[in-house]
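A short worksheet on the structure shown next.
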């Protein structure tokens, strides 16, 4: 039973990798670099994007692909910022997919004006498990971890913390009010992904957001670590 | 393509429902009532359980089934409390399942001394999407939502907020430090699940934890709303 299931999983991931390469080829042809932004629900992906897009990215024209199970709450928030935003809902696929896959992103490509942007930021469905398994054709992956989620998260969701080039530690304005040891979190992160780049930010106060914007600009210019 | 996928999904959920009924029959025979505890990663399920188990449940003998992708961090935390804890890892099944299903719980039944407990608390994998779709044979479902996750979560993950008999709003000690309107959260909750029972707690300060313990005792005695 398990063996069959693993084989099905391998087939699914192989098919996904093939479509992800096709997406990547299309993005490359259009000169668009792509970031896959992942986190648990409520870690602050949208709030961080809002901050970055309000401040602007120097000499980079960003676009956003919003992945949600249903609704367009985040896309509505971001579209007020005069940035092209495309909504992608996962609920027609299954009972509501808990992640974006390469084929879903492919189905949205026709709705994105790739010639008008240099950087596509894909906001994945809030989930610390499955998004890590499905590449979508991105150049780099960033995952956002909120300090309110606890120090143990790298150990409990190691694949997610491994499958990224950047870990953004968000909501650091709340540190004085939490029993959270940043040192222990970083030790746990180092155990699952030694040497991964990380940065401390607060989307609420704006602290550290410029560093994240700088990372996005570096990806857009081809400078950040390739996935 | 989508139609095939939906049919596969229906088959999977039908098979799950059959096994969930078998689990339920076994629990009923053993006189054990079962709670399925669900939330996003880091919402505080384990911390809340710790509090409840330290204080104790009057005249109820609890046991815990810990669902995690891998590792036994939460089980290790809880087993210090002299409560029978069984670890169930989802990673052998797929690349790491993002939820418990009825068959996984069934596979763990032999490891749980049902005759020694009255209430089995199943801590699901931290995820706001798939756990809501898979019943495991429980009598009641509680979902924990942390105020740090934002007011929009009921609208973004409606199935999860619908598929439960209780919504525990956790980390209320942080309310003074957040831009979080409890009123708006409750309005959003009312839109997706009108009239669902909710309670405000802080696993950290202990505020409201007695109400959650009371709810668990009511389930154990057969008094809480049936799923």
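The values are calculated or read from the model by the stated rules, or taken from the named source; none is laboratory data. This structure is a prediction, so every number in the text was calculated from the model and none was measured. So basically every Cβ, Gly included, is an ideal-geometry build from the backbone, and we count neighbours across all protein chains shown.
Do we have residue A:51 as within 14 Å of chain B (Cβ to nearest Cβ), farther than 24 Å from residue A:172 by Cβ and modelled with pLDDT of 95 or more here? So residue A:51 does not fit the description; no. Looking across B:161, B:212, B:185, one residue alone is away from chain A (no Cβ under 12 Å) and on the phi < 0 side of the Ramachandran plot. It is B:212. The number of residues in the range A:113-146 being surrounded by 24 or more Cβ atoms within 10 Å (Cβ to Cβ), over 11 Å from the mean Cα position of the chain (by Cα) and in a helix (DSSP H, G or I) comes to 1. Scan the range A:55-72 for residues that are surrounded by fewer than 17 Cβ atoms within 10 Å (Cβ to Cβ) and at pLDDT below 95 and the total you get is 6.
Taking (1) free of Cβ contacts under 8 Å to residues at least 12 places away in the same chain; (2) more than 14 Å from chain B (Cβ to nearest Cβ) in turn, residue A:62 satisfies each apart from (1).
Of the set (1) surrounded by fewer than 20 Cβ atoms within 10 Å (Cβ to Cβ); (2) within 24 Å of residue A:96 (Cβ to Cβ); (3) touching a strand residue (DSSP E or B) at 6+ places or on another chain (Cβ under 8 Å); (4) touching a residue at least 24 places away in the same chain (Cβ under 8 Å), all apply to residue B:152 but (3). The lone criterion from (1) more than 23 Å from residue A:148 (Cβ to Cβ); (2) within 14 Å of another protein chain (Cβ to nearest Cβ); (3) part of a loop (DSSP other than H, G, I, E, B) left unmet by residue A:42 is number (1).
In the range B:102-126, of all residues being facing another protein chain (nearest Cβ under 9 Å) and touching a strand residue (DSSP E or B) at 6+ places or on another chain (Cβ under 8 Å), the one that is farthest from residue A:153 (Cα to Cα) corresponds to B:125.
Scoring residue A:205 on the criteria (1) assigned to a loop (DSSP other than H, G, I, E, B); (2) farther than 24 Å from residue B:178 by Cβ leaves a single failure, condition (2).
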